[in-house]
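Peer 1: Below: one structure in C-alpha cells.
The values are calculated or read from the model by the stated rules, or taken from the named source; none is laboratory data. This structure is a prediction, so every number in the text was calculated from the model and none was measured. Glycine gets a Cβ as well: all are built from the backbone with ideal geometry, and neighbour counts include every protein chain shown. For accessibility, only protein heavy atoms count, side chains too; no ligands or nucleic acids. Shrake-Rupley method; radii C 1.70, N 1.55, O 1.52, S 1.80 Å.
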Amino acid sequence: MKITFPILTLCKGGAQRMLAELVNGLVNRGHDVTILMPPSGDIDYDIFGKVIRTPTNEILESDYPKSDIIVSNFYTIVPSAQSASENGKGTHVRLSLCYEPTFLPENNVTFRTYHMPNLLVLSKWQQQIIFLNHGIKGHIVPVGVSPTFKNLHIRNPNAPLQISAIIRIPEGGYSWHREQEYLLEQLKLVKMHYPHAIINLFCPPKEFAASPSLQGIKNSNTFRFFTPGNDTELCYHYNHTDIFVNSSTYDTACLPGLESMRCGAALVTTYAGGNLDYCRHEENCLLSYRYENRLFQDIMRLIYDPVLRSRLASAGEQEAAKWTWEKSVSAFEQAILQILQNK
C-alpha cells in the first residue's frame with residue numbers, strides 16, 4: 001500500500017514520536033511510505049520511509065504524490081490533504097494527535113477541519129470528545145513504548161530518592177496544558193519538606209537551547225537539569241527515578257507516564273484525559289484531578305510509604321509492557337483497511 005504522511009516537523013515530542021514509529025512500522029511491514037515535509041522541518045528520529053521536501057515552507061496540493069492513503073495530522077495540513085484526495089491522489093484520513101479546537105487558538109478554524117468521516121484518534125477520551133462535538137467516531141490507534149525503555153534494575157535503595165518530571169519550552173504557547181508553573185511549585189514544596197530528595201527535570205536539548213525561561217529555571221539551581229539526546233539517555237534517567245511526576249491536564253495520550261512506568265518508576269499524575277486508558281488510581285499510580293491540588297501530597301505519600309511506592313511501580317511496569325508500537329501499527333493497518341472497505 002502507498003501511504004503519504006504530510007508532516008510539518010519530526011522534532012522531539014510525543015506526537016512526532018508516534019508519527020515516526022508509525023512510518024517505520026509500516027515500512028517494516030512492506031508498505032511504501034512517503035513523508036512530505038517542508039524544508040524547514042526537523043527530523044530528530046531515524047526514519048525508514050522516503051522523505052520528499054516541498055519547494056516552499058507550505059505543503060500544497062500539487063506537492064502530493066499519488067498514493068492509496070494520505071494521512072494528515074494537524075489542522076493546517078487538512079485542506080491540502082483533502083484537495084489532493086479530491087484530485088484522485090489518495091483517500092484522505094485524518095490522524096488526530098490532539099483535538100485542536102479546545103487546545104489551540106482560532107477554534108473557529110480548527111473546529112471545521114473535523115467535518116470529515118475518516119478519523120484516527122489515540123484514546124477513548126479523545127474519541128468521546130470528537131464524537132460528542134462532531135458525531136464522528138474515530139478509530140483508536142493507541143500509543144506505544146519503545147523497547148529501548150525498560151527497567152535496568154540499577155536503582156540504589158540506599159541512595160537519596162530521585163523525583164523526576166519532563167519540562168517543555170513555554171515560549172510559543174504550546175505547553176499551557178502541561179501546567180508547568182503548578183508542577184514547579186509542587187516540586188519546590190517537596191524539596192522544602194523533604195530536602196534529601198533529588199529533583200530532576202528532563203528537557204529536549206533543542207528546546208532548552210531555544211528557551212530563556214528553561215535556562216532561567218536551570219540557573220536557579222533549584223533542580224537538576226538533564227537534556228537527554230536520545231532514548232538510551234532518557235531511559236537511563238528514568239531508571240534513576242523513583243517517582244515520576246506528570247502535571248499535564250489535557251493530553252490525548254501522555255506518553256512520558258507510560259515510558260517512566262516501563263522503566264520501573266512509580267507514577268504520580270494529574271488526570272489529562274488520554275492517560276486514563278492506562279492509569280488506575282492506587283492500582284498502578286496515584287492520580288488526581290487538577291482542582292484537587294494534590295500533586296505534593298501524593299508525592300509525599302510515596303516518599304513515606306516505600307511499600308506502596310514499590311507496589312505501584314511494579315504494577316505500572318506490567319501495565320506499560322502491554323503498550324507496544326507493534327500494536328499501534330497493527331491498529332493503524334486495521335483502521336485503514338476498514339476505511340478503504342467502507343468507501
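Peer 1: Could you say whether any residue in region 74-87 is under 23 Å from Glu207 (Cβ atoms), under 17 Å from the mean Cα position of the chain (by Cα) and open to solvent by 20 Å² or more (accessible area, probe 1.4 Å)? Quick ask: steps written out before the conclusion?
Peer 2: Filtering region 74-87 down to residues under 23 Å from Glu207 (Cβ atoms) leaves 74-77.
From what's left, under 17 Å from the mean Cα position of the chain (by Cα): 74.
Retained after the next criterion (residues that are open to solvent by 20 Å² or more (accessible area, probe 1.4 Å)): 74.
Within region 74-87, one or more residues are under 23 Å from Glu207 (Cβ atoms), under 17 Å from the mean Cα position of the chain (by Cα) and open to solvent by 20 Å² or more (accessible area, probe 1.4 Å).
Peer 1: How do the pairs read when you match residues in region 330-343 that are at pLDDT 95 or above with residues anywhere that are open to solvent by 90 Å² or more (accessible area, probe 1.4 Å), using Cβ under 8 Å and keeping only pairs 6 or more apart or on different chains?
Peer 2: From region 330-343, no pairs qualify.
Peer 1: In region 160-173, how many residues are part of a loop (DSSP other than H, G, I, E, B), modelled with pLDDT of 95 or more and out of contact with any helix residue (DSSP H, G or I) (no Cβ under 7 Å at 6 or more places or on another chain)?
Peer 2: 1
Peer 1: Taking the conditions exactly as written (more than 25 Å from Trp323 (Cβ to Cβ) and open to solvent by less than 50 Å² (accessible area, probe 1.4 Å)), does Leu132 satisfy them or not?
Peer 2: no
Peer 1: Any chance region 97-110 includes a residue that's under 16 Å from Thr9 (Cα atoms), open to solvent by 10 Å² or more (accessible area, probe 1.4 Å) and in contact with a Ser or Thr (Cβ under 9 Å, 6 or more places away or on another chain)? Let's see the steps before the verdict.
Peer 2: Here is the first cut: in region 97-110, the ones under 16 Å from Thr9 (Cα atoms) are 97-98.
Then keep just the ones that are open to solvent by 10 Å² or more (accessible area, probe 1.4 Å); that gives 97-98.
Those left that are additionally in contact with a Ser or Thr (Cβ under 9 Å, 6 or more places away or on another chain): 97-98.
Looking for residues that are under 16 Å from Thr9 (Cα atoms), open to solvent by 10 Å² or more (accessible area, probe 1.4 Å) and in contact with a Ser or Thr (Cβ under 9 Å, 6 or more places away or on another chain), one finds at least one in region 97-110, hence yes.
Peer 1: Any residue in region 64-78 that's more than 15 Å from Val121 (Cβ to Cβ): show its pairings with residues that are open to solvent by 40 Å² or more (accessible area, probe 1.4 Å) and in a strand (DSSP E or B) at Cβ separation under 9 Å, as long as the two are six or more apart or on different chains.
Peer 2: Short answer, once both residue conditions are applied: Pro65/Lys2; Pro65/Ile52; Lys66/Lys2; Ser67/Lys2; Ser67/Asp32; Asp68/Lys2; Asp68/Asp32; Ile69/Lys2.
Peer 1: Surrounded by fewer than 20 Cβ atoms within 10 Å (Cβ to Cβ), closer than 26 Å to His92 by Cβ, in contact (Cβ under 8 Å) with a residue 60 or more places away in the chain and of a type outside the set (Asp, Glu) - does that describe any residue in region 299-321?
Peer 2: No: zero hits.
Peer 1: Another one. For Thr252, indicate whether it is hydroxyl-bearing (Ser, Thr, Tyr) and over 19 Å from the mean Cα position of the chain (by Cα). Show your work before the answer.
Peer 2: On the way: hydroxyl-bearing (Ser, Thr, Tyr): yes; over 19 Å from the mean Cα position of the chain (by Cα): no.
Spelling it out, it is not the case that Thr252 is hydroxyl-bearing (Ser, Thr, Tyr) and over 19 Å from the mean Cα position of the chain (by Cα).
Peer 1: If you go through region 255-271 one residue at a time, do you hit one that is touching a residue at least 40 places away in the same chain (Cβ under 8 Å), in contact with a Lys or Arg (Cβ under 6 Å, 6 or more places away or on another chain) and not hydrophobic (A, V, I, L, M, F, W, C)?
Peer 2: yes
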